[in-house]
Amino acid sequence: MDLDTVKDRAGPREFSPADDLPEEYRKAATRMIEFHANSEIMGAYLERPFIRQAPSIDRKLACSAKVQDEIGHGQLLYRAAESLGVKTREEMLDDLANGDGKFLNCFHYEMTDWVETPMIAFFVDGAAMRRQATLRRTSWEPYAHAMDKVCFEEGFHVKHGEDILRELMSGSKKEQELTQAAFEEWWPRIIQFFGPTDDKSTHHDFAASVGLKQQSNDQLRNAFLDQYIPKARSYGLEIPDEPRIRELDDGTYEVEEGDLDWDEFFTIAKNDYEPGVGQINGRKAAQEAVQWVRDTIESDATAAGGHAPQAAD
Amino acid sequence: MIWEVFRQEKTGQYHTHCGNVHAPDREMAKQFAAIQHGRRKPTNSLWVVPRDEVGEIDAEDVAFGGTTDKAYRWATTYKTTGEDAREVVESEDEQATAERQRGDD
């Protein structure tokens, strides 16, 4: 199939591994799905410490379930990416370990305090879900099918995150202040989740023309602000003064791009941001620590004896 | 040789199991599947898989979904205020449906 045919036919779930697709399509889809898969994995690692730090048994169970889900989403997405025939799952995981694999800006920052958890679990996951819901109509069928299962599970993540936020914002004055401070720290990063504005987006036009991407960065950012600004306010959070956000007459929002730190964003995009490098290496170390599990599974004949089992953390 | 047949009604939908055919090889299995399972119901694509290649694990072998209460896993457990995003509502509805169909509570 040539590129013009792809563009003509590009509709929801239109193309499957049975189709002979041009390299441009396969590469663009691989880039997009691999990024998504890596982000699921890195997000899980960011939240993993909170299984231990959770303040109650209910929160511990939910955090544990969520981390498990995210790793599962990564696995589904590596399969959807692998089915394009450009990169193997092994190559993608190796690239993630050696620092070449790209992933979401928000997961390059450290998260140390419980009050930060709703910033990821409610706002970042809420943003991700806005985007993922549109990707159920992507043109690469295996990607759309992965989104069906991801969206099915993700509602729990967002609502659990919102529940943590509700609890913190109806807690002590100190809890409320710490939560507001965490919100102010994370808010610009969350706005940047959707990437640069449409006119600065390098990959959007092609991905949209072949039906991989359903909505532009600006449309998604608008849809997010429209839903989540009222939510934040309803729990008593104050929206930070910067970045300046203007509500236009047509109900959409305009974000003052100059108020956001794009140098940091593009440093992150190159995997050069120091805390992000720490996240990548942290995951690599955890992977290596449990190499014995994979070795045991793969060498069915050899007994696992001989060395003391090690935990990933 | 028995071949299990999976039918997809429209582009982009899932291939779901719809029956099986008797055939000596893959080519014949595809032909028989087209005739027996692709004619009356709307069909976009069929898969044929040798029955021996299908692995099965059933509810006697394993407790699917475990035997413990995992209410913490469902969106329906968490109370929020105001209107939720439509995709969150949709996810919650799908979960509520799955929860009811599991019927083990």
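The values are calculated or read from the model by the stated rules, or taken from the named source; none is laboratory data. All of these numbers come straight from a predicted model, not from anything done at the bench. Reconstructed Cβ throughout: ideal geometry from the backbone, glycine too, with neighbour counts over all protein chains shown. Accessible surface areas use protein heavy atoms only, side chains included; no ligands, DNA or RNA. Shrake-Rupley method; radii C 1.70, N 1.55, O 1.52, S 1.80 Å.
Remarks
- With the simple model of a label 7 Å out from the Cα in the direction of the Cβ, A:Asp259 to A:Asp295 spans 5.4 nm.
- Whole-angstrom gap from the range B:7-83 to the range A:266-285, using each part's C-alpha centre: 40
- Size of the protein assembly as shown as Cα extents on the principal axes (Å, biggest first): 73, 58, 43
- A Cβ-based charge dipole, computed about the Cα centre of the protein assembly as shown with Lys and Arg at +1 and Asp and Glu at -1, lands at about 1080 debye.
- Shielding of A:127-134 by partner chains, average beta-carbon count, 10 Å: 3
- In this structure, the amide hydrogen of B:Ser45, modeled 1.01 Å from its nitrogen in the peptide plane, lies closer than 5 angstrom to those of B:Gln8, counting only residues at least 5 positions away or on a different chain.
- Per residue, chain A reaches -19500 deg cm²/dmol at 222 nm when only DSSP H runs of four or more residues are counted, each adding -39500 (n - 2.57).
- Computed E for A:Gln75/A:Asp20 - FRET, C-beta separation, R0 30 angstrom, nearest 0.05: 0.65
- Taking Cα centre as origin and charging only the Cβ of basic (Lys, Arg, +1) and acidic (Asp, Glu, -1) residues, the dipole magnitude of the range A:226-295 rounds to 680 debye.
- ³J(HN,Hα), Karplus 6.51/-1.76/1.60, whole Hz, each residue of the range B:24-39, x for Gly, Pro: x, 8, 4, 4, 5, 4, 5, 5, 5, 5, 4, 6, 7, 10, x, 8
- Near A:Phe193, no amide H atom lies under 5 Å from its own; only residues 5 or more places off or on other chains count, and H is placed 1.01 Å from N.
- Dipole magnitude of chain B about its Cα centre (Cβ charges: Lys, Arg +1; Asp, Glu -1), debye to nearest 20: 660
- Heavy-atom accessible area per residue - the range A:199-290, 1.4 Å, Å²: 53
- Cα-projected label distance for A:Ser170 with B:Gln31, points at 7 Å along beta-carbon direction, nm: 6.9
- Across the options A:Trp186, A:Asn105, A:Pro17, the greatest Cα extent toward the positive end of the charge dipole of chain A (unit charges at beta carbon of Lys, Arg, Asp, Glu) belongs to A:Pro17.
- The alpha-carbon of A:Lys284 sits under 28 angstrom from the alpha-carbons of these lysines, leaving out residues fewer than 8 places away in its chain: A:Lys27, A:Lys60, A:Lys66, A:Lys87, A:Lys102, A:Lys149, A:Lys270.
- Residue separation of B:Met1 and B:Ala71 scaled by 0.36 nm, minus their Cα-Cα distance, works out to 20.7 nm of gained length.
- For the pair A:Leu3 and A:Glu247 in one chain, pulling the backbone fully straight at 0.36 nm per residue adds 83.9 nm over the alpha carbon distance.
- The lysines whose alpha-carbon is closer than 16 Å to the alpha-carbon of B:Lys79, local same-chain residues fewer than 8 away aside, are A:Lys159, A:Lys231.
- Solvent-accessible area of B:Thr97, all protein chains in place: 50 Å² (probe radius 1.4 Å, heavy atoms, ligands and nucleic acids excluded).
- Evaluated at q = 0.21, 0.25 Å⁻¹, the base-10 log of the normalised Debye intensity for the range B:57-105, with identical point scatterers placed on the Cα atoms, takes the values -0.81, -1.01.
- Partners for A:Lys174 among aspartates and glutamates (Cα-Cα distance below 16 Å; same-chain residues under 8 apart left out): A:Asp113, A:Glu116, A:Glu184, A:Glu238
- Estimated from the Cβ-Cβ distance and a Förster radius of 30 angstrom, the FRET efficiency linking B:Val54 and B:Val89 is about 0.25.
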